[in-house]
Amino acid sequence: MYESHYGLNSKPFQLTPDPEFFFASKWHKRAMSYLQYGLSQAEGFIVITGDIGTGKTTLANSLLNDLQNDIFAAQIVTPKLSPDELVKMVAAKFELDVANKTKADLLKDLESFLSALHQQGRRALLLVDEAQNLPLETIEELRMLSNFQAKGKPLLQSFLLGQEELQPILRAPNMEQFRQRIVASCHLAPLTDEECRAYIEYRMHHAGWNGANLFSNEAYEKIYQFTHGVPRKINTLMDRILLYGFLEELERLDEEAVENVVKEVADEMFIPEPEEEIKKHEVTELTPEGHEVKDIEYYKNMLNELVDALDNAISHKIKLTRYIDKLLKKKYKTYVRLKSDDSD
Ligand SMILES: Nc1ncnc2c1ncn2[C@@H]1O[C@H](COP(=O)(O)OP(=O)(O)OP(=O)(O)O)[C@@H](O)[C@H]1O
Ligand SMILES: [Mg+2]
């Protein structure tokens, strides 16, 4: 709609993850290197976590886009799949016939398929997106699939992408076997303020923008303040700012323009006003027992003190155990001596 006003040949801030628009921020570059490193290892699991809208799917799509023909990649986006459903979905994604097959049949078919691929000098890669939705037993099933081997070489490698909730799932005590197969993991953080600006300029230029500065410095600052550097939020806001500039026939977009759009967008998206947010934090929250909830530093210090106290207690226990040990040895020697005296 507004493209011609800015001389663009496409929409610069689409919401669909498009590898063409991939911007390599510090974290995206790092995560991409992990994925590529993982690929070169050809085994184990790579885990990428990140806040909502930080670019996990975009990253996966960019990787898939660059893959060579020797890798057969399948991508699954998981609702809450049971282990059996996972096996079925993986088989289907590798284009196997899944109709009326039992799980045992499917596993057998999968193994034959993966072995055949291996014999052709190719290998299989499974990309699991939204992996935070997987129940523990389904992740365990994924681990079982990674056990398919030919001459000691694993036949299937998997990458897991998920929101932050994936981390506690993988930290669960009964996930040790899975954890030991993770060859690399990385967390995607939002963009910094400088990256936010570079991201906007990059996408604008990629869509054909070749004018001078369209946004003032203050406008960039406002955009960062509102979006906290989360790419999806930047895209949504930027799309609206460009629309606003077009409707208002603006040549340059300044702080005021951004503020106006932020107000509109915040209303539509039910985002609390900044003042309300500040007030919210000022209100003293209480635990169910009526104790005041303190800030995070308070709890960090408390935990550090607790760790020191536990360390002390442990080293006391060790000293005590050594002392008892010595005492027992002494007693035992006395006992042996007395016994030999008796027998003499
Ligand atoms: N590195 C990047 N380069 C270009 N665009 C990006 C980048 N990261 C994210 N985006 C854009 O931000 C939006 C959200 O990205 P994406 O869908 O990949 O996030 P996500 O982390 O998978 O989100 P969710 O947690 O909801 O699954 C998309 O429109 C995408 O185009
Ligand atoms: Mg995603």
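The values are calculated or read from the model by the stated rules, or taken from the named source; none is laboratory data. Fair warning: this is a prediction, and the values are worked out from it, not measured in the lab. Every residue, glycine among them, receives a Cβ derived from its backbone with ideal geometry; neighbour counts consider all protein chains shown.
Entry remark, the range 148-168: residues being without any contact (Cβ under 8 Å) to a residue 24 or more places away in the chain and either within 16 Å of ligand 1 (Cβ to nearest atom) or within 24 Å of the chain's Cα centre (by Cα) (or both) number 1 in total. With the requirement that a residue be out of contact with any Phe, Trp or Tyr (no Cβ under 9 Å at 6 or more places or on another chain) and either outside the structural domain of TYR37 (by TED's automatic domain parsing) or of a type in the set (S, T, N, Q) (or both), what does the range 131-174 give you? Once the filter is applied, which keeps residues that are out of contact with any Phe, Trp or Tyr (no Cβ under 9 Å at 6 or more places or on another chain) and either outside the structural domain of TYR37 (by TED's automatic domain parsing) or of a type in the set (S, T, N, Q) (or both), the range 131-174 yields GLN132, ASN133, THR138, ASN147, GLN149, GLN163, GLN167, ASN174. Contact map, the range 7-20: first residue part of a loop (DSSP other than H, G, I, E, B), second residue among the β-branched types (Val, Ile, Thr), Cβ cut-off under 6 Å, separation 6 or more or different chains; pairs are PRO17/THR57; PRO17/THR58. Check GLU130, GLU201 and return the single one that is within 16 Å of ligand 1 (Cβ to nearest atom) and on the phi > 0 side of the Ramachandran plot. Step by step, each of GLU130, GLU201 is checked, and only GLU130 is within 16 Å of ligand 1 (Cβ to nearest atom) and on the phi > 0 side of the Ramachandran plot. In the range 24-46, the residues that are over 17 Å from LEU188 (Cα atoms) and outside the structural domain of LEU64 (by TED's automatic domain parsing) form no Cβ pair under 7 Å with any partner that is among the hydrophobic types (A, V, I, L, M, F, W, C) and surrounded by 13 or more Cβ atoms within 10 Å (Cβ to Cβ), whether six or more places apart or across chains. Filtered by the rule that a residue be charged (D, E, K, R) and either closer than 19 Å to ASP109 by Cα or within 16 Å of ligand 2 (Cβ to nearest atom) (or both), the range 40-70 gives ASP51, LYS56. Of the residues making up the range 34-70, those that are hydrophobic (A, V, I, L, M, F, W, C), within 14 Å of ligand 1 (Cβ to nearest atom) and assigned to a helix (DSSP H, G or I) are LEU35, LEU59, ALA60, LEU63, LEU64. Of all residues in the range 220-245, which are among the hydroxyl-bearing types (Ser, Thr, Tyr) and either surrounded by 20 or more Cβ atoms within 10 Å (Cβ to Cβ) or over 10 Å from PHE13 (Cα atoms) (or both)? Matches in the range 220-245: TYR220, TYR224, THR227, TYR244.
Could you list, in sequence order, the residues of the range 215-232 that are part of a helix (DSSP H, G or I) and closer than 18 Å to PHE22 by Cβ? Within the range 215-232, PRO231, ARG232 qualify. Filtering the range 1-22 to residues that are among the acidic types (Asp, Glu), more than 15 Å from ligand 2 (Cβ to nearest atom) and modelled with pLDDT under 90 leaves only GLU20.
Whenever a residue of the range 48-72 is free of Cβ contacts under 8 Å to residues at least 40 places away in the same chain and of a type outside the set (A, V, I, L, M, F, W, C), it has no partner that is near ligand 1 (Cβ under 6 Å from one of its atoms) and not in a loop (DSSP other than H, G, I, E, B) lying with C-beta atoms less than 7 angstrom away and at least six residues away or across chains.
The set of residues from the range 246-261 being crowded, with 21+ Cβ neighbours inside 10 Å and assigned to a helix (DSSP H, G or I) comprises VAL258, VAL261. Quick one: which of ALA31, ALA73 is within 16 Å of ligand 2 (Cβ to nearest atom), buried (at least 18 other Cβ atoms within 10 Å of the Cβ) and not in a loop (DSSP other than H, G, I, E, B)? When all the criteria are applied, what remains is ALA31.
Tell me, please, whether a residue that is within 30 Å of HIS228 (Cβ to Cβ), surrounded by 17 or more Cβ atoms within 10 Å (Cβ to Cβ) and away from ligand 1 (no atom under 16 Å from the Cβ) can be found in the range 82-103. Looking for residues that are within 30 Å of HIS228 (Cβ to Cβ), surrounded by 17 or more Cβ atoms within 10 Å (Cβ to Cβ) and away from ligand 1 (no atom under 16 Å from the Cβ), one finds none in the range 82-103, hence no.
The combined condition, being within 16 Å of ligand 1 (Cβ to nearest atom) and free of Cβ contacts under 8 Å to residues at least 60 places away in the same chain, is not fulfilled by ILE139.
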